[in-house]
Amino acid sequence: MYSFGLFLLLWTTPTVGQGQTFTAQGGPIRDFRGTAKADTFPIRVQGLPNRINRTFGLAKVCLSVFHARSSDIKVELVNPAGASIWLTNRNGGDNGQHYANTCFRSNGFSGYIHQGKAPFEGEYMPDGRFTFLNNDTDPNGLWYLLVTDLRAGVRGNLNIVSLTFETDPTPNAGQPPCSFENPAYCQCPPGTNCELLPDLVILPRFTQTQIKEYAWNDPNYPGQLRFAASIGNIGDGPLETWGKQEWYCGDKRVDSTVRCPDGSYARQRIYQRVYQKQGDKLITTDRPAGTNYYDNQPGHNHYHVDDWVEFRLVKIKPGTRAGPRRQVIAKGRKVSYCLFDSGICNNSDSLCTCNGTVYGERNLPNYGLGNYGECKSMKQGISVGGYDTYGVMYEGQFIKLPRGLPKGTYQLEIEIDPTGSIRERDRANNLFTMPIHLSKQ
């Protein structure tokens, strides 16, 4: 539910050759009070061509937010046609403060916003993709900046926001040759029947750089091991799930709006859509792939796929001749994710490095196949070369550590699709492990 406020709208006269910038004043950001409600700030855009795309479109968003705990807030941008992306979502860690004249570009010089340190100053790559906003629709009209506080205790203020439109707005996002519109350019994996299957992996850099143990008596996250997880698709085809309005409470068929007797939302049976190239065309096959449901937790309010990941803390102990013994110490409760492209791999930045290989446009033959910008009940997915990130401060991104856990080195395990619901090119790489030293319980 969004709260629409009326704020002063300013239009800056375009300057030839310098892009066209539109600015709006902000206002207060309400504190979280049990229910997530976005404060909505409109920006009027006028006088532009009636289509934005890869040739001309939104190139930069700048804003200034005063907030003493920046990891409380999610900031989204919505275009007049209703498409939206995350600019930043719960970034800044425990003590980060403020967005001070922060700008977002698809190739921001300061790197990804989720890897930056608050106060955020400079030009960053957003948590979402500008290509989802430059979607061949009319940019003229009202754009909305949505700011949602997701944790109680601190209020903030948006001072100002501006949108800049330019030619070549996303210079690092060239048109992929393989697409649903141009299937003839898609390549078949050698020695196969040309099924274009996904291949899902955890991208190590996200977890390795966003992980923290909290002491047993921490006032905010007692006894938690918190970490980020980013799932990349390095396969030949997209991961794509579809719903067909088959909603259930247990075995009973119900309407999508029904709450089940235990208070939970109804589950929808979903299907994985597998693409196969035949000649110059793509044909599809749908196969059962589990369920999804509506997640109403703060910062979500969209649909999650069940049983998507499992988190485990493991102790490796000396064993017998057969090898060491593996003892599961604790499991995480986060098992469902919304599936969408929060980013896309590029060979130039090495963010998508896995087992020594950097994945991106140069070595993924069907790079960019797919287009998944939202977490709707009917369709979700991860494109070829896309990744879906859940940050360290997101709900449920933790393992609860046992009180009195001995100091020492343990192993964090993150397993994608532990129930085996999704067909992939290779399931052997679905398990990510990393050592972690713990000492605060």
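The values are calculated or read from the model by the stated rules, or taken from the named source; none is laboratory data. Just so we're clear, the structure is a prediction, and the values are computed from it rather than from any experiment. As a convention, Cβ positions derive from the backbone with ideal geometry for all residues, glycine included, and neighbour counts pool all protein chains shown.
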task: State whether one or more residues within segment 31-38 are at pLDDT 90 or above, under 19 Å from LEU150 (Cα atoms) and loosely packed, with under 14 Cβ neighbours inside 10 Å.
output: yes
message: Of everything in segment 32-88, what is aliphatic (A, V, I, L, M) and farther than 27 Å from GLU395 by Cα? Give them in sequence order.
response: ILE43, VAL45, LEU48, ILE52, LEU58, ALA59, ALA81
field: Failed criterion for GLU76 (all others in (1) closer than 17 Å to MET125 by Cβ; (2) exposed (fewer than 15 other Cβ atoms within 10 Å of the Cβ) hold)
entry: (2)
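Checking the condition over 26 Å from LYS244 (Cα atoms), aromatic (Phe, Trp, Tyr) and surrounded by 15 or more Cβ atoms within 10 Å (Cβ to Cβ), which residue from TYR372, TYR387, TYR410 passes? Give the derivation first.
Working: TYR372 fails: over 26 Å from LYS244 (Cα atoms); TYR387 fails: over 26 Å from LYS244 (Cα atoms).
Only one candidate passes the filter, namely TYR410.
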query: Would you pick out the residues in segment 166-203 that are touching a Ser or Thr at 6+ places or on another chain (Cβ under 8 Å), surrounded by 17 or more Cβ atoms within 10 Å (Cβ to Cβ) and not in a loop (DSSP other than H, G, I, E, B)?
result: ILE202
- request: Could you please find all residues in segment 302-321 being within 27 Å of the chain's Cα centre (by Cα) and not in a strand (DSSP E or B)?
  value: ASP306, ASP307, TRP308
- prompt: Are any of the residues in segment 82-96 touching a Leu at 6+ places or on another chain (Cβ under 9 Å) and closer than 15 Å to THR164 by Cα?
  reply: yes
statement: Of the listed residues (GLN297, GLN276), the one being under 21 Å from the mean Cα position of the chain (by Cα) and either of a type in the set (S, T, N, Q) or assigned to a loop (DSSP other than H, G, I, E, B) (or both) is GLN297
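Which ones in segment 420-437 are closer than 30 Å to THR241 by Cβ and exposed (fewer than 13 other Cβ atoms within 10 Å of the Cβ)? If you could, list the steps in order and put the result at the bottom.
So the first thing to find is which residues in segment 420-437 are closer than 30 Å to THR241 by Cβ, and the list is 420-434.
Result: GLY420, ALA428.
Among the candidates ALA215, ALA228, ALA266, which residue alone is in contact with a helix residue (DSSP H, G or I) (Cβ under 7 Å, 6 or more places away or on another chain) and more than 30 Å from PRO183 (Cβ to Cβ)?
Numbers: ALA215 fails: in contact with a helix residue (DSSP H, G or I) (Cβ under 7 Å, 6 or more places away or on another chain); ALA266 fails: in contact with a helix residue (DSSP H, G or I) (Cβ under 7 Å, 6 or more places away or on another chain).
The match here is ALA228.
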query: Is it the case that segment 265-280 has a residue that's free of Cβ contacts under 8 Å to residues at least 24 places away in the same chain, surrounded by fewer than 17 Cβ atoms within 10 Å (Cβ to Cβ), more than 18 Å from CYS338 (Cβ to Cβ) and outside the structural domain of ASN91 (by TED's automatic domain parsing)?
result: yes
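Looking at segment 401-433, which of its residues are assigned to a strand (DSSP E or B) and within 22 Å of the chain's Cα centre (by Cα)? Steps first, answer last, please.
Let us first name the residues in segment 401-433 that are assigned to a strand (DSSP E or B), namely 408-416, 431-433.
Those that are assigned to a strand (DSSP E or B) and within 22 Å of the chain's Cα centre (by Cα): LEU412, GLU413, ILE414, GLU415, ILE416, LEU431, PHE432, THR433.
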field: Subset tally (residues that are surrounded by fewer than 17 Cβ atoms within 10 Å (Cβ to Cβ), out of contact with any Gly (no Cβ under 9 Å at 6 or more places or on another chain), of a type outside the set (Gly, Ala, Ser) and part of a strand (DSSP E or B)) for segment 129-163
entry: 1
